[in-house]
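The values are calculated or read from the model by the stated rules, or taken from the named source; none is laboratory data. Quick caveat, the model's predicted, so the values are computed rather than measured. All Cβ positions, even for glycine, are placed from backbone atoms using ideal geometry, and neighbour counts span all protein chains on display.
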Amino acid sequence: MERENVLIPQADLDRQREFEEKIRRLFAAREAHPAACVDTFGCQQNVADGQKLMGMLEASGFTLTQDPKEADLVLLNTCAIREHAEDRVFGNLGALTHTKKENPEQVICLCGCMAQEPRVSERIKKSYPHVDLVFGPQALWKFPELLWQVYETKKRVFSVQDEHGTIAEGIPVVREKGVKAWVSIMYGCNNFCSYCIVPYVRGRERSRDPQAVLAEVRQLVEAGYKDITLLGQNVNSYGNDLDLGYHFPDLLADIDQIPGEYLIRFMSSHPKDATPRLFDVMAASSHVAKQLHLPFQSGNDRVLKEMNRRYTRQQYLDLVNYAKRVMPGLVLTSDVIIGFPGETEEEAMDTVSLVEEVGFDALFTFIYSPRPGTKAAVMPDPATRAEKQKWFDKLLEVQNNMSAKLHAAYVGKTVRVLVDGESDDPEYPLTSRTEGNRLVRLKGDKALIGQFADVAVTGSNTWALYGEAI
Ligand code: 5AD
Ligand code: SF4
């Protein structure tokens, strides 16, 4: 794909700002102050997309609300990764028939990964007539234009063509208040893991220009953000499509040169593309958190092959051993799928044994969920749900014991944290994160929010540490 076909031309982006202005004027003429409710499901990439959607809505004159009942526009930014995520969205859409009955002018929009699935958009067309606008992740940048079409034509708009995938710079963003910010460094995925829907809905891999990423991070640091996460489905293949001989470790090293007091994290990493050089750069850097989210999915080689993961159990172990060697104290987390089609109990227990062998700080564990259109969805899947649940419970038990032990080892020590917000626990009113992103509930003054602090750890459980600011 030629680069000029990937980058959306400036003139097209400028046009979107004009559509924002048109929507603004439309409401000004009605002397109305419209409110929008954006509900985001799923991964951090979606959260980052949600912030751009809110940015475009604010630029179009909307204020933001959490309550769909008082909203003139409701936007569901959806996730397609598992069936459960989709079921929740259909449930929410059902409930919106009532809000729309109360307020027939309400505009209901659906975007994100689900919207890009033909199966879903057909179902919306047929069975959810109250939905006014449906657009996939590829069309996010032209949301203002699509929304204007809805207001102008009073017809339903569907923009779900299977496009090659583009990059749009300079979309307005509504950032979370506080210390955390997300920066997408690339979009799409080329890996086609056999269980995964993402490559079908988010298109092929394309990387933002290094200068654009560096400028955004610099701006965020200057604005006071202290915990910045670089996002991509597989950040380790950053730059492969740019032909600059510039790769993810180069980007990390360059970001690290930006002066200031802040931490850089990134996710996700694919083990097949993670290199010792990446870990060397992390180890040598002063801003990159010594934390790694490295999904292994399965500890069995046959299952890994069927998943199309392109590494073996041993290769994974070698990789994490190297990373731990160059970064003592590295906080390591991972994603795991139990019950892939055809997986046996013995194979599932290979996953459990890998968890025991590596000692992860936290795991994100999932029972396999068939996604129509993927290769795995048509593979024979003889194990019952009850069997899979039993394997899953075993995995959780092992991991929970391990997390509890890891956390207990912190009691009596001092850790450096970034205080990021308030909690609803009156005894520990603050929440904070260690460099490794471990949750620490904190006694201390609200004035600490947004600051780095040293904390004496006084207690722990499976999920968190407890402590007091020194
Ligand atoms: N079923 C269950 N889990 C899945 N994941 C991706 N696709 C599926 C699926 N079909 C998990 C993987 C991935 C994480 C984001 O979601 O573990 O790393
Ligand atoms: Fe899905 Fe695999 Fe791509 Fe991750 S790397 S988004 S699991 S296909």
Fill in: Residues located in the range 199-233, provided they are under 27 Å from CYS111 (Cα atoms), among the basic types (Lys, Arg) and out of contact with any His (no Cβ under 7 Å at 6 or more places or on another chain)
ARG202, ARG206, ARG208
Practice prompt. Run SER184 past the list (1) farther than 19 Å from LEU76 by Cβ; (2) more than 19 Å from the chain's Cα centre (by Cα); (3) not charged (D, E, K, R) and report the number of the one that doesn't hold.
Written response: (2)
Worksheet entry | Every residue from the range 310-343 that is closer than 18 Å to LEU363 by Cα and within 16 Å of ligand 2 (Cβ to nearest atom) | TYR316, LEU319, THR333, SER334, ASP335, VAL336, ILE337, ILE338, GLY339, PHE340
Worksheet item: When GLU31 is evaluated against the numbered criteria (1) touching a residue at least 24 places away in the same chain (Cβ under 8 Å); (2) outside any helix (DSSP H, G or I); (3) among the charged types (D, E, K, R), which criterion, by number, is the only one it fails?
Response: (1)
Item to complete: Working carefully through the options VAL74, VAL38, find the one that is out of contact with any Gly (no Cβ under 6 Å at 6 or more places or on another chain) and either part of a loop (DSSP other than H, G, I, E, B) or closer than 29 Å to ILE167 by Cβ (or both).
Response: VAL74
Item to complete: Starting from residues that are within 16 Å of ligand 2 (Cβ to nearest atom) and among the hydrophobic types (A, V, I, L, M, F, W, C), keep the ones in the range 193-228 and report whichever is surrounded by the most Cβ atoms within 10 Å (Cβ to Cβ).
Response: VAL201
Worksheet item: For the range 344-378, which residues satisfy the criterion of being within 12 Å of ligand 1 (Cβ to nearest atom) and either more than 25 Å from ASN401 (Cβ to Cβ) or surrounded by 18 or more Cβ atoms within 10 Å (Cβ to Cβ) (or both)?
Response: THR351, LEU363, TYR368, SER369, PRO370, ARG371, PRO372, GLY373, THR374, LYS375, ALA376, ALA377
Worksheet entry | Filtered residue count, the range 379-392, keeping only those that are part of a helix (DSSP H, G or I) and surrounded by fewer than 12 Cβ atoms within 10 Å (Cβ to Cβ) | 2
Discussion item. Return the pair list, or none, for Cβ contacts closer than 8 Å from residues in the range 101-122 that are closer than 17 Å to HIS84 by Cβ to residues that are among the aromatic types (Phe, Trp, Tyr), at least 6 apart or on different chains.
Written reply: GLY112/PHE41; GLU117/TYR200
Item to complete: For MET402, state whether it is away from ligand 1 (no atom under 16 Å from the Cβ), at pLDDT below 95 and surrounded by 15 or more Cβ atoms within 10 Å (Cβ to Cβ).
Response: yes
Discussion item. Looking at the range 234-259 only, could you name the residues that are outside any helix (DSSP H, G or I), within 22 Å of ALA48 (Cβ to Cβ) and either in contact with a His (Cβ under 8 Å, 6 or more places away or on another chain) or without any contact (Cβ under 8 Å) to a residue 24 or more places away in the chain (or both)?
Written reply: ASN234, TYR238, GLY239, ASN240, HIS247, ILE258
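Of all residues in the range 149-168, how many are among the acidic types (Asp, Glu) and either modelled with pLDDT under 95 or within 15 Å of ligand 1 (Cβ to nearest atom) (or both)? I'd like the intermediate steps shown before the answer.
Step one: of the range 149-168, the residues among the acidic types (Asp, Glu) are 152, 162-163.
Within this subset, residues satisfying the condition of being either modelled with pLDDT under 95 or within 15 Å of ligand 1 (Cβ to nearest atom) (or both) are 162-163.
Count: 2.
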Fill in: Residue in the range 54-63 that is surrounded by the fewest Cβ atoms within 10 Å (Cβ to Cβ), counting only those that are in contact with a helix residue (DSSP H, G or I) (Cβ under 6 Å, 6 or more places away or on another chain) and within 11 Å of PRO172 (Cα to Cα)
ALA59
Practice prompt. Scan the range 344-373 residue by residue and report those that are within 16 Å of ligand 2 (Cβ to nearest atom) and over 21 Å from the mean Cα position of the chain (by Cα).
Written response: THR351, PRO372, GLY373
Discussion item. So if I check each of ILE258, ILE264, which one is away from ligand 2 (no atom under 16 Å from the Cβ) and touching a strand residue (DSSP E or B) at 6+ places or on another chain (Cβ under 6 Å)?
Written reply: ILE264
Discussion item. When the residues of the range 302-343 are narrowed to those that are of a type in the set (Phe, Trp, Tyr) and assigned to a helix (DSSP H, G or I), which ends up farthest from ligand 1 (Cβ to nearest atom)?
Written reply: TYR322
Worksheet entry | Residue that is surrounded by the most Cβ atoms within 10 Å (Cβ to Cβ), among those in the range 441-466 that are out of contact with any Lys or Arg (no Cβ under 7 Å at 6 or more places or on another chain) and within 20 Å of MET402 (Cα to Cα) | SER460
Discussion item. I'd like to verify a number: residues in the range 26-45 that are among the charged types (D, E, K, R), at pLDDT below 95 and on the phi < 0 side of the Ramachandran plot, how many?
Written reply: 1
Response to the item:
Scanning the range 302-332 for residues that are closer than 23 Å to CYS43 by Cα and surrounded by fewer than 18 Cβ atoms within 10 Å (Cβ to Cβ) gives ASN308
Worksheet item: Any idea which of (1) modelled with pLDDT under 95; (2) of a type in the set (Val, Ile, Thr); (3) within 20 Å of ASN308 (Cα to Cα) is the one VAL331 doesn't satisfy?
Response: (3)
Item to complete: Kindly provide the set of residues from the range 176-222 that are farther than 25 Å from HIS270 by Cα and modelled with pLDDT of 95 or more, ordered by number.
Response: ALA215, ARG218, GLN219, LEU220, VAL221, GLU222
Item to complete: Find the residue count for the range 182-192, including only residues that are within 12 Å of ligand 1 (Cβ to nearest atom) and surrounded by fewer than 21 Cβ atoms within 10 Å (Cβ to Cβ).
Response: 2
